[in-house]
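Student: The structure's right below; bear with me while I get my questions together.
Quick note: the coordinates plus some simple rules give every number you see, no bench work behind them. These numbers come from a predicted model, not from an experiment. Cβ atoms come from the backbone with ideal geometry, glycine included; neighbour counts cover every protein chain shown.
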Amino acid sequence: MTWIINLAGLLLMALIVWWFWLARREPGQRSEDGEFHIRVADGVYDPATLHARVGQPLTLWFHRQDPSPCAEQVIFQGLDVSAFLAVGEPTAVRLTPGQAGRYRFTCQMQMYQGTLIVD
Ligand SMILES: [Cu+2]
């Protein structure tokens with residue numbers, strides 16, 4: 001009986017370690033050449049978390065598959081960048097982050113949500 005409890009405890013510890021390791025890793029996409037391809041469909045940007053460096057010129061290709069008006073615009077908060085997205089053909093959004101920080105990008109109703117993390 002005791003060994004079952006010990007095993008359960010070990011499993012729990014492993015789960016906690018795994019959870020924190022995952023949380024610290026901050027999932028998302030990094031791009032060496034500054035190009036990203038983001039699918040816009042079903043209410044989510046995929047990938048929704050982008051990593052970039054200060055001063056790195058970025059080209060974000062938005063592939064909008066959602067024809068609803070909700071998805072038609074993407075707005076980068078705090079970067080003074082926004083764009084209207086075409087359906088069925090990729091739209092390029094070019095920007096160069098000048099300061100480190102976390103910048104949210106959303107549709108105009110903020111149903112689509114993404115984060116650009118600049119370090
Ligand atoms: Cu929307």
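Student: Rounded to the nearest 500, what is the 222 nm mean residue ellipticity of the chain from helices alone, with -39500 (n - 2.57) per DSSP H run of 4+ residues and division by all residues?
Tutor: -7000 deg cm²/dmol
Student: Angle check, please: helix 2-25 long axis (alpha carbons) against the longest principal axis of the chain (alpha carbons), in degrees 0 to 90, nearest 10.
Tutor: With both axes taken from Cα atoms, the answer is about 20 degrees.
Student: Indicate the gyration tensor shape class of the chain (rounded, prolate or oblate), computed on the Cα atoms with a ≥ b ≥ c the square roots of the eigenvalues: a/c under 1.5 is rounded; otherwise a/b larger than b/c is prolate and the rest oblate.
Tutor: prolate
Student: Mind checking the full-extension length gain between Ala8 and Gln110? Use 0.36 nm per residue of separation minus the Cα-Cα distance, one decimal, nm.
Tutor: 32.5 nm
Student: Any idea what the dipole of the stretch 31-118 comes to, in debye rounded to 20, about its Cα centre with Lys/Arg Cβ at +1 and Asp/Glu Cβ at -1?
Tutor: In debye, rounded to 20, the stretch 31-118 gives about 260.
Student: So between Gln77 and Thr96, what do we pick up on full extension, going 0.36 nm a residue minus the alpha carbon distance?
Tutor: 5.5 nm
Student: List the residues, sorted by chain then number, that are 5 or more residues from Gln29 or on another chain and whose placed amide H is less than 5 Å from its amide H.
Tutor: Close amide H contacts, sequence-distant or interchain: Thr49, Leu50, His51.
Student: For the stretch 31-118, what is the relative contact order in percent, using Cα pairs closer than 8 Å and at least 6 residues apart in sequence?
Tutor: With pairs under 8 Å counted, the relative contact order is 33 percent.
Student: How long is the gain from Ile117 to Glu35 if the chain were fully straight, where each residue apart is worth 0.36 nm and the alpha carbon distance is subtracted?
Tutor: Difference between extended and current length: 28.1 nm.
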